[in-house]
Amino acid sequence: MAQGTLLIVDDNESLRSALRAYMSRVAGWHVVLVAPDSGRGLMLAAEHAPTAIVLDNRMPGGDGLEVLPALRQTCPQARIVMHTTDDSEEMRSEAERRGADATVAKGSPLDELAALLRVA
């Protein structure tokens, strides 16, 4: 079953590739867009109105927390999951305050991330 359009914003090219492959082949996302930084991610979000967004917290040129409010305003109905190495309670709270629907630690099973993206 196709899930719609997913946007992955992460500066790590190998991680973007792995997530794109998994989300399109295993998790059933119809279209998977990727962006190497928050500026390009925001531009793609405005152009394609994704159903869900995977957002890295730490990226050169603007981290995920900084761009989260703009993504939320651009895509108010999108499910946004912060994908981060900083799995602290403070980070989770701040991500939620700025508009994330969920936070998941990098290194968590990809099926856990996929499930968080599907939750209504």
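The values are calculated or read from the model by the stated rules, or taken from the named source; none is laboratory data. Not measured: the values here are computed from a predicted model. For neighbour counting, all protein chains shown are included, and Cβ atoms are generated from backbone atoms with ideal geometry for every residue, glycine included.
Couple of notes before you dig in:
- Across the stretch 19-38, the qualifying residues are those that are of a type in the set (G, A, S) and in contact with a helix residue (DSSP H, G or I) (Cβ under 8 Å, 6 or more places away or on another chain), and the one among them that is surrounded by the fewest Cβ atoms within 10 Å (Cβ to Cβ) is A27.
Let's see how each residue does on (1) among the polar types (S, T, N, Q); (2) at pLDDT 95 or above; (3) at negative phi:
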residue	(1), (2), (3)
L7	no, yes, yes
M23	no, no, yes
V67	no, no, yes
S108	yes, no, yes
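- Matching residues in the stretch 39-50 - criterion: being more than 16 Å from L15 (Cα to Cα) and crowded, with 23+ Cβ neighbours inside 10 Å: A45, P50
- Taken together, L44, L6, L113 contain a single residue that is within 10 Å of the chain's Cα centre (by Cα) and part of a helix (DSSP H, G or I), which is L113.
- Single residue of the stretch 34-90 satisfying the filter (charged (D, E, K, R) and free of Cβ contacts under 8 Å to residues at least 12 places away in the same chain) that is nearest to G107 (Cα to Cα): E89
- Checking E47 against (1) touching a Leu at 6+ places or on another chain (Cβ under 6 Å); (2) at pLDDT 95 or above, the condition it does not meet: (1)
- Number of the exception - T103 against (1) hydroxyl-bearing (S, T, Y); (2) farther than 21 Å from M23 by Cα; (3) assigned to a strand (DSSP E or B): (2)
- Of the listed requirements (1) crowded, with 19+ Cβ neighbours inside 10 Å; (2) part of a helix (DSSP H, G or I); (3) not aromatic (F, W, Y), I53 misses just one: (2).
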